[in-house]
Each structure stands twice: as structure tokens, then as C-alpha cells.
1. Select from the range A:371-397 the residues that are open to solvent by less than 50 Å² (accessible area, probe 1.4 Å), assigned to a loop (DSSP other than H, G, I, E, B) and in contact with a strand residue (DSSP E or B) (Cβ under 9 Å, 6 or more places away or on another chain) and write down the one among them that is farthest from the other protein chains (Cβ to nearest Cβ).
2. Which of the residues that make up the range B:34-61 are within 14 Å of chain A (Cβ to nearest Cβ), closer than 20 Å to B:Asp215 by Cβ and either of a type in the set (Asp, Glu) or part of a helix (DSSP H, G or I) (or both)?
3. Of the numbered conditions (1) within 22 Å of B:Ala205 (Cβ to Cβ); (2) open to solvent by less than 10 Å² (accessible area, probe 1.4 Å); (3) within 14 Å of chain A (Cβ to nearest Cβ), B:Gly320 fails exactly one; give the number of that condition.
4. Would you check if there is a residue in the range B:244-252 being part of a helix (DSSP H, G or I), at pLDDT below 95 and touching a helix residue (DSSP H, G or I) at 6+ places or on another chain (Cβ under 8 Å)?
5. Answer yes or no as to whether A:Asn77 is buried (at least 24 other Cβ atoms within 10 Å of the Cβ), within 14 Å of chain B (Cβ to nearest Cβ) and polar (S, T, N, Q).
6. Condition test on B:Gly315, is it facing chain A (nearest Cβ under 8 Å) and either open to solvent by less than 10 Å² (accessible area, probe 1.4 Å) or not in a strand (DSSP E or B) (or both)?
7. Restricting to the range B:344-370, name every residue that is open to solvent by 70 Å² or more (accessible area, probe 1.4 Å) and away from every other protein chain (no Cβ under 12 Å).
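The values are calculated or read from the model by the stated rules, or taken from the named source; none is laboratory data. Everything quoted here is computed from the prediction, not taken from an experiment. No Cβ is skipped: glycine too gets one built from the backbone with ideal geometry, and neighbour counts run over all protein chains shown. Side chains are part of the model used for accessible areas, which takes the heavy atoms of the whole protein and leaves out ligands, DNA and RNA. Shrake-Rupley method; radii C 1.70, N 1.55, O 1.52, S 1.80 Å.
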There are 2 protein chains.
Amino acid sequence: MAYTWISDGGITTPRGYRASGVKARIKGDKGDVALVVSSPPATVAAVFTTNRIQGATVGLCRDRLAAGRPAAAIVVNSGCANACTGAQGKADAQRMAELTGNAVGASPDRVWVCSTGTIGVPLPMDKIEKGIALAAGALSETGGGAAARAIMTTDTVSKSRAVTFEIAGRSITVGGMAKGAGMIEPHMATMLAFLTTDAAVERAALGNCLRRAVDASFNRISVDGDQSCNDTVLLLANGAAGHPLLTEGDADWPAFEDAVCGVCRELALDIVRDGEGATKLVTVRIVGADDAADAERAVRAVSRSLLVKTSWFGGDPNWGRVIDAVGYSGARIEEALVTIDYDGVRAFEAGVPSAAAGLRALEAVLRQQAFTLTVDLHLGNACAVMYTCDCSEEYVRINSEYMT
Amino acid sequence: MAYTWISDGGITTPRGYRASGVKARIKGDKGDVALVVSSPPATVAAVFTTNRIQGATVGLCRDRLAAGRPAAAIVVNSGCANACTGAQGKADAQRMAELTGNAVGASPDRVWVCSTGTIGVPLPMDKIEKGIALAAGALSETGGGAAARAIMTTDTVSKSRAVTFEIAGRSITVGGMAKGAGMIEPHMATMLAFLTTDAAVERAALGNCLRRAVDASFNRISVDGDQSCNDTVLLLANGAAGHPLLTEGDADWPAFEDAVCGVCRELALDIVRDGEGATKLVTVRIVGADDAADAERAVRAVSRSLLVKTSWFGGDPNWGRVIDAVGYSGARIEEALVTIDYDGVRAFEAGVPSAAAGLRALEAVLRQQAFTLTVDLHLGNACAVMYTCDCSEEYVRINSEYMT
């Protein structure tokens with residue numbers, strides 16, 4: 001790891017970015033419109049939800065990505081997902097781009113738009129219009145924190161991160177912000193993340209880098225197994241650091257991709273730590289699987305099992321529910337070969353529980369705010385990891401509140 | 001439907017069956033050993049869990065099924081699943097068959113054995129031995145209720161059903177009992193069901209009948225999406241009604257299969273109604289899917305979604321979470337074609353929420369203890385149904401209690 005964390009860093013830490021977060025009264029007296037502006041305009045990489053139901057702004061961002069033009073600004077509202085809103089929703093998303101473009105002096109097709117919040121409700125365009133004007137007036141090079149707060153929904157804390165490293169004697173910065181706490185906010189509009197860098201990066205390489213970083217971070221977390229229709233991750237690279245254009249295969253490439261992966265992973269873990277009602281961050285590792293598909297099946301089954309997650313909440317080293325989940329995952333498993341460890345403390349091997357002497361040690365692991373559960377199938381060499389959290393009564397309370 | 005429900009009917013309602021349920025102190029002061037004896041011995045059909053981790057008694061029952069001999073008795077204990085117990089577990093299961101065979105005067109290979117309860121703990125064989133002796137002494141033709149109580153774990157009510165119908169002027173009875181409330185009891189040993197009939201049925205036909213009945217009942221319910229390693233359904237047919245041997249294709253066959261399906265479905269619904277912490281029984285129907293696989297994916301995604309289930313608990317007609325779950329299920333879906341109804345009240349169509357006028361009507365549906373949610377994809381003719389329940393804070397409380 002060749003990068004250094006910047007304390008209180010965020011999306012305006014890299015050079016050439018200004019941001020703001022303002023209250024447009026879409027969801028009461030909290031920030032709900034965020035604006036990020038890049039000067040010069042930035043090359044963009046993007047990853048979207050794979051849900052077949054997608055919000056209007058996801059469609060707009062996909063069009064921008066296909067067009068391939070640099071981005072001047074990103075505008076984000078929270079409190080309303082603009083999903084399942086039909087033709088009106090598409091027109092409203094386009095109108096948000098126009099209003100923002102006019103306010104910051106950019107062509108609307110260089111403005112990216114994201115929404116998160118309740119679905120099936122039209123955007124309150126009068127409030128959005130005032131919010132965008134307010135946000136444009138509030139832009140600053142220290143506005144990253146306000147922007148991160150304005151994209152929050154059920155999040156209890158805002159999530160900003162930044163790292164710095166060097167390429168050819170020049171310092172490069174990668175910053176980011178994210179929102180997400182359940183896989184959902186009131187209805188389902190859930191995870192958004194925005195990354196900025198002052199590096200100059202070739203467009204296709206930037207896209208490959210982001211896909212790999214998202215696969216190893218945001219695609220490795222699970223709060224409740226539900227997947228939203230608005231999930232979007234954007235990475236802007238504006239080249240303000242002034243070094244030669246970077247691409248895959250360059251000697252400096254690994255340092256850049258490491259930094260992007262580091263910011264993505266930490267923001268992803270921030271989301272799990274802030275999981276609705278969560279009290280514990282759990283890293284689930286499957287090792288020794290027959291093949292990668294089996295490792296993936298097993299790690300997802302364990303990470304999504306409600307019985308496993310409620311037992312973590314209860315501080316219970318309940319390996320029985322873990323092996324049960326692996327058993328129904330579809331992965332090949334031979335009971336007599338499996339070992340299960342909690343932070344290195346053996347709980348199960350050779351088909352039976354490990355010596356009762358270890359129970360106190362297991363309980364001590366479960367009392368921690370974070371621990372690693374390792375299931376070794378001892379069948380092959382494939383492995384997979386997920387970052388997840390426990391499930392508490394508070395999760396049910398939050399999500400059973402009437403929303404419609 | 002050519003059969004009639006028998007009030008307070010159960011596994012001893014058909015002729016030729018005796019049963020008992022006694023307290024062996026395996027799990028405190030509740031019934032925990034059940035015994036069912038068939039005279040004459042009965043042809044058996046069986047369906048087992050597909051989990052790759054399977055309890056010792058599942059292995060024993062599979063051996064009995066392969067051998068194909070009539071069954072004289074079933075012995076069941078609750079409080080200990082005898083799963084993940086290695087070679088000792090297999091020996092203990094075999095010993096239960098021997099003890100029971102000796103007690104009721106039958107060969108051990110005609111005794112079927114089931115266990116449900118905590119996993120990874122050896123059977124307390126001293127208690128089991130006393131329990132079997134006690135149960136053999138308590139056998140009676142009215143013991144079905146006591147047996148149904150003795151197989152309970154986190155169940156709050158026992159589950160017994162029976163129906164009667166006629167074949168060639170003779171009355172035939174099909175009875176049954178089941179246990180299950182989460183997909184689990186302390187750890188995971190979860191759903192068991194036992195059916196008895198005095199019909200005389202050809203063995204292969206009996207197996208086909210049970211597989212179809214289970215597919216339409218126990219395989220159509222979901223409480224929390226976890227699947228146990230001890231799930232077992234047995235159907236005994238002892239021919240005590242004295243009619244000619246029945247097989248598929250006979251004129252009377254549909255009446256028999258209907259009766260078995262009816263008992264299985266009602267026992268399955270009893271399990272969902274008694275779902276841990278559940279307050280509502282919800283029938284989820286996907287219609288108009290492209291093909292059967294898509295219908296299945298969609299109905300399982302909706303029925304398992306924690307966000308959907310918590311919204312039901314909150315009385316919220318939150319169709320957004322429903323369409324979101326269909327969206328990530330992998331089923332083909334075109335947003336503009338989808339309609340969503342709650343007990344026939346339209347919530348969503350043409351890509352947007354239905355008129356707000358219907359909201360009060362939707363809320364009234366959600367206040368009921370049971371309702372049907374129908375998602376019509378309007379793409380084809382395939383359909384699928386699941387019976388499920390809501391998820392409450394009580395579910396988390398029950399399952400986060402320390403068990404290990």
C-alpha cells in the first residue's frame with residue numbers, strides 16, 4: 001500500500017473540485033441537494049445497479065457514460081429516488097441537468113444526476129430548482145463534508161475518505177463520499193458513491209479500474225441482501241495534478257488502482273459499520289472451496305443468512321447456523337473436512353465441535369465490534385470474502401416504519 | 001375437493017395407528033419423545049432436506065427408504081438434532097431404532113428415527129432410553145395430540161390435521177402432524193411432518209404422491225429463507241381400511257392424492273401462521289411470467305426479502321420494495337407492464353403508482369391477518385405461489401438469544 005490517508009479528506013480534497021450541500025426541504029430540515037463541480041471537466045467511470053428496475057437518473061447517467069464526454073458537474077438529491085415515476089421522472093432528471101448546467105455554466109449533457117430516497121413519488125421540482133440555485137451559490141473547495149451530509153438518508157454518519165500518493169514526484173489525491181445504511185432508504189434507493197481524483201487517466205483504463213475496485217468493495221458488502229434500483233458509483237478524474245496521462249500497464253498504474261481500491265473499500269466498510277441497527281462488522285471468508293463459484297455461493301449464503309446475523313447480534317458463536325448456510329448454498333462441502341474459526345479460534349473440525357475449552361475464547365471474539373469468520377472447506381484453493389453486519393431488533397424497527 | 005376435515009384429527013385418526021408423546025427431560029419440562037406405531041406395518045414414502053449437511057437420522061431414514069421395507073414405528077425426539085455429531089451420532093440414531101424396536105416388538109430396520117433441536121450436541125442417550133420406554137407404555141389410539149406436542153421446538157402451538165373421504169364405499173382417512181416455526185429450532189433443526197393413512201397404496205405411487213404434495217405445500221413456504229439439515233416428511237400407508245391396493249391411474253387415485261395434498265398444505269400453512277414472531281400470513285403470487293423458472297425466481301425473491309417482510313409487519317402497502325425484489329430476482333420484467341395488487345386492490349400499474357384514492361383500501365388489506373399479494377408481469381403465462389409471513393422485532397429477539 002503506497003498511499004497515505006488524509007484525515008477529514010473527501011471529494012474536494014483532490015485539486016480542481018468544488019462542492020456544496022444544501023437544504024432544499026425535500027426531506028425536512030436536513031441537507032438534501034449536493035453539487036460537485038470539476039474544473040477542468042473530468043473523465044468519468046461509472047458502475048450501476050444490476051436491478052432490472054432502475055431509477056430515471058440511472059438511465060440518464062448511462063446515456064452520459066455511452067456518450068463519453070467529460071463531466072463538469074454531478075448533482076444529487078436525497079429524499080426522493082425518482083424511480084417508478086414513468087415519463088415524468090425522465091423529464092425531471094433531464095430538467096435537473098439543465099438547471100445545474102445553467103447554474104454552473106456547463107452544457108447539460110456534461111452534468112450527471114443521481115437521486116436517492118422514496119420511490120414511486122415524483123420529484124418536487126420547485127424545491128429541486130431552488131436547491132440547485134442554492135447549491136451553486138455555496139460551492140467551495142472545502143464543501144466535500146457538506147455534500148457528503150446532503151446525500152445521507154437513513155445513514156447515521158456521513159462517509160468521506162481521501163488518500164494521497166505520488167506519481168513521478170507529483171502528489172495525487174483520490175477522494176470519495178458514499179451513502180448507504182440498509183440496502184435501502186425509505187423504499188430502496190440506497191447506495192451511492194462518488195470518487196474524485198486529480199490524476200489524469202485514460203478513459204477505458206479508468207473504467208476498468210473502477211469496475212475492479214467496486215467488485216472488491218461495494219460488491220462485497222451486505223446489510224440485508226436487498227439490492228436497490230438506484231445504486232450508482234461514479235469516479236471523476238480531472239487531471240488537475242498535471243502529470244502525463246496514466247493508463248493500464250504504466251509503471252505508476254498499480255499505485256493509482258491501489259488508491260482507488262483503498263478509498264472504495266473503506267467507504268464500503270463505512271456503509272456496513274453504519275448498517276441499519278448494526279452493532280458488529282463481520283468479515284466472512286470462505287477458503288479452500290472447490291472453485292470460485294462455490295466460494296461465492298457459500299460466502300453469500302452465510303453473509304445473507306438471517307439466522308447467522310441474528311446469532312452475531314446475540315454474541316453467540318453459533319457455528320451450526322454457519323455450516324447449515326454453507327450446506328444449502330449449493331457449494332460442494334464434505335462435513336468431515338470443514339473447519340470454522342472465529343478470529344483464529346477453532347469452533348468446528350472433523351465433523352464435530354472443537355473442545356469445549358475454547359468456548360470462552362469464542363465468546364470473547366463475539367463480544368468484539370469487529371471479527372473475522374473463516375470457513376475452510378478443505379476441498380480446493382478458491383476463496384471469497386464478504387463484509388457484513390449483524391441483524392438487530394432495531395433493523396426491523398427501522399424498516400417496519402410506515403413509509404408509503 | 002372430495003374430502004372432509006375431521007375436527008381435532010391427527011396422526012392417530014386413521015385406523016391402525018397408535019401414538020404417544022412423553023417428557024424425557026431432554027429439553028426441560030415439555031414433551032420431547034414421540035412414538036407412532038402402525039399395525040399392520042405401513043408402506044412408507046419420504047422426502048428429505050436438500051441441504052448438503054444432514055443430520056444422522058436423515059441418513060438412517062434414507063437407508064430405510066432404499067431398503068423399501070414396511071415401517072412398524074417412527075420415533076422422534078425434540079431438543080437435540082443429532083446433527084454434526086460424527087460417528088457417535090450415527091451410532092446413537094441406530095441405537096434409538098434398536099431401543100424402539102425392542103420396546104414395540106419390531107425389527108429395528110422397521111423403525112424410522114427423526115431428531116430436531118440443537119445441533120453439534122450429542123444425544124443424551126440415557127434420557128432417550130428412558131423416554132422410549134415411557135413412550136412405548138403410553139401408546140394409544142388417541143395419542144396423536146400428545147405426539148404432536150412432543151415434536152414441538154419453538155412452535156407456540158402443535159399442528160395436527162386429518163381428512164376423510166371414500167373409496168369404493170369405504171371411508172379412508174389421512175392424518176398428519178408437523179413441527180416448525182422458524183426454518184429453525186435453537187440452531188436449525190426445523191421442519192418435520194408425519195402423515196398417516198389407512199389407505200392401501202402401491203409404494204412407488206405413494207412416493208410420487210408425497211413428492212407432489214410436498215412440492216405444493218412444504219416447499220412453498222418461507223419464514224426466513226434458511227433451510228435446515230434435518231427436514232423430513234414421512235407418509236405411512238398401512239392399508240387398514242381394507243380396500244384393494246391403490247395406484248396412480250386408478251379412478252380413485254385423484255381423491256387420495258387430493259386428500260394428501262390437502263393435509264400437507266394445511267400443515268404447511270400452520271407452520272407459517274406459527275412463524276417465529278409472525279403476525280400475518282401472506283400468499284405471494286407471481287403471474288404472467290415469461291417462464292416457470294422466472295416465476296419461481298420472482299416469487300422466492302419477494303417472499304424472502306427482509307425489506308418486504310418488515311414492511312408487512314409495519315402494515316405498509318410498500319409495493320416499491322416488492323417491485324425492487326422482482327427487479328433483482330433475475331426474472332425478466334418490463335416496468336411499464338407490471339401490475340401489483342393486494343387482495344385485488346391495485347397499487348401499481350403502467351410504471352407508476354395507482355391513484356392515491358386507493359391508499360386507504362390498501363391499508364385496510366394490510367391490516368388483515370392474511371392477504372394475497374399478486375404481481376402480474378404481463379409477459380407470459382407462467383405462475384408461482386409462496387406462503388410466507390411478516391418479519392417482526394420478535395423474530396430477531398427469538399433468534400438472537402444465546403444458544404451455543
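1. The qualifying residue farthest from the other protein chains (Cβ to nearest Cβ) is A:Gly380.
2. The one that is within 14 Å of chain A (Cβ to nearest Cβ), closer than 20 Å to B:Asp215 by Cβ and either of a type in the set (Asp, Glu) or part of a helix (DSSP H, G or I) (or both): B:Val58.
3. For B:Gly320, the failing item is (1).
4. Of all residues in the range B:244-252, those part of a helix (DSSP H, G or I) come to none.
No, that holds for no residue.
5. no
6. On the way: facing chain A (nearest Cβ under 8 Å): yes; either open to solvent by less than 10 Å² (accessible area, probe 1.4 Å) or not in a strand (DSSP E or B) (or both): yes.
So B:Gly315 fits the description; yes.
7. Of everything in the range B:344-370, those that are open to solvent by 70 Å² or more (accessible area, probe 1.4 Å) and away from every other protein chain (no Cβ under 12 Å) turn out to be B:Arg346, B:Ala355, B:Ala357, B:Gln368, B:Gln369.
Yes or no, residue by residue, for (1) in a helix (DSSP H, G or I); (2) of a type in the set (D, E, K, R); (3) more than 16 Å from B:Asp32 (Cβ to Cβ):
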residue: B:Gln88; (1), (2), (3): yes, no, yes
residue: B:Gln94; (1), (2), (3): yes, no, yes
residue: B:Gly101; (1), (2), (3): yes, no, yes
residue: B:Leu134; (1), (2), (3): yes, no, no
residue: B:Thr154; (1), (2), (3): no, no, no
residue: B:Ser160; (1), (2), (3): no, no, yes
residue: B:Ile172; (1), (2), (3): no, no, yes
